[in-house]
Structures are given as structure tokens and as C-alpha cells.
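Reading through the C-alpha cells given below for one structure.
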Amino acid sequence: MQARATELRKGMVLIKDNDLQQITDYSHATPGNLRAVIQVKTRSLNSGVTKSFRPAAGDMFEVAYLDKKPCQYLYQEANGHYVYMDQETFDQFFIPKEQAEEKMSLVKESQVIDVTFHEETPISIDLPTTVTLEVVWAEMAVKGNTATNVKKEAKVETGRMVKVPLHIKEGERIVINTDTGEFQKRAQD
């Protein structure tokens, strides 16, 4: 599918320079009587490299067709790759560690998440806005340390370290924002 530079939007994935590049920032300004200035920032979905460019208003770009499928996370291989199973076809596939490591620290084994595909090739994982995980270890709170917004280290069941308020203890379930990786609240079970 083709799109003009003026039709591009943040979040779109372009096929540019034989690479899949997701638009991370887009601005279109028309200052007074001057011609339009379009500024586009992209991030390569394969290498993670960010680029910035200024296309002309009439430039055409190839927009990638992406497909999202619910997939179950099975396990992590010895080489670090994450193995998933398509919930519809039961086919198994992997995503390299470098491509998904940051997000996978919030995913439990056997959890179902959305995986984005381009031409049958998995390119990224999409997590829900928040996840609920159990605290398996937490630092001891120091008596008298009650200043506002004091946080301590805690380890959740996936192995990720998270800063939590002093009142959180081992065995409690907490809600974590997947965009920031930060504690949001105690889970209401």
C-alpha cells in the first residue's frame, strides 16, 4: 500500500531501504506563506536504529501490511531466543533475544500475548497496558524511613527488578505499567 508523506502517522510501519521502519514521531508544519515542512523520525524494527528525515509533501512511501495474532509464550531457549506458539495454527516460532528482551521481562511462561507479523515473519510483541505479577523478593523497609515517595527494590516472578513503595511485601501481587516498567498499584485479588 502506498501513502503520501502528508498521510503518514505516528505508529505506521514503512518499508524503506529494504527495512521495516516504524514512525516514532511525525510533524507537519506550514509556516505562513512558505511550503510545508514534514519531519519524520523512524526506528528500525530489525536493528533498532533511529533515523530522521524530511520528505517532500508529494513523496510516496510503501506502508507495510502487519498482522497481529494471539500467541502463547512457551519458553526461552539456551541461546536466548523466545519461543512462542500461534494460538490458531499451533505453529511454533521464535523471536531473537535482542528484539524482545526488554518487554519479555514482564511476561510469564504460558501467557498469551499479541505478536505482530510481517509476511509470516514475527517482528515484535505487544503487551497489554498493565500486567499483574507476584513479588518474590522485597527489601526490608527501614523503620522511620517514611518520607513521601520512598521506594525499595522488589523482584517479581519473571525476574525483573521493580521499585515499589515500602508497604509492599513478598507474596503480594502488584500491577506494573508495561510502557514504563514502573509499579502502579497493589493488585485487587
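Structure summary
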{"quantity": "Residue pairs meeting the criteria (Cβ under 8 Å; at least 6 apart or on separate chains; first under 23 Å from Val37 (Cα atoms), in the range 47-71; second basic (Lys, Arg) and assigned to a loop (DSSP other than H, G, I, E, B))", "calculated": "Ala57/Arg35"}
{"quantity": "Filter pass, Thr42 being in a strand (DSSP E or B) and either farther than 26 Å from Val107 by Cα or more than 19 Å from the chain's Cα centre (by Cα) (or both)", "calculated": "yes"}
{"quantity": "Residue tally, condition of a type in the set (Phe, Trp, Tyr) and over 24 Å from Asp114 (Cβ atoms), over the range 39-86", "calculated": "2"}
{"quantity": "Some residue of the range 23-42 being of a type outside the set (Val, Ile, Thr) and under 16 Å from Thr121 (Cβ atoms)", "calculated": "no"}
{"quantity": "Extreme residue, surrounded by the most Cβ atoms within 10 Å (Cβ to Cβ), among residues of the range 98-111 that are on the phi < 0 side of the Ramachandran plot and in contact with a Phe, Trp or Tyr (Cβ under 8 Å, 6 or more places away or on another chain)", "calculated": "Ala100"}
{"quantity": "Pick from the range 158-171, criterion part of a loop (DSSP other than H, G, I, E, B) and under 19 Å from the mean Cα position of the chain (by Cα), ranking: surrounded by the fewest Cβ atoms within 10 Å (Cβ to Cβ)", "calculated": "Gly159"}
{"quantity": "Count - residues of the range 172-189 that are part of a loop (DSSP other than H, G, I, E, B) and surrounded by 12 or more Cβ atoms within 10 Å (Cβ to Cβ)", "calculated": "5"}
{"quantity": "Cβ-Cβ under 6 Å pairs, at least 6 apart or on other chains, the range 101-124 side over 13 Å from Leu74 (Cβ atoms), far side charged (D, E, K, R) and at pLDDT 90 or above", "calculated": "Ser105/Arg160; Asp114/Lys68; Thr116/Lys68; Phe117/Asp67"}
{"quantity": "Within the range 78-146, strands (runs of 3 or more DSSP E) holding 3 or more residues that are under 14 Å from the mean Cα position of the chain (by Cα)", "calculated": "112-118, 121-126"}
{"quantity": "Scope the range 2-39; condition in contact (Cβ under 8 Å) with a residue 60 or more places away in the chain and either in a loop (DSSP other than H, G, I, E, B) or loosely packed, with under 11 Cβ neighbours inside 10 Å (or both); matching residues", "calculated": "Gln2"}
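The values are calculated or read from the model by the stated rules, or taken from the named source; none is laboratory data. Note that this is a predicted model, so its numbers are computed, not measured. Every residue, glycine among them, receives a Cβ derived from its backbone with ideal geometry; neighbour counts consider all protein chains shown.
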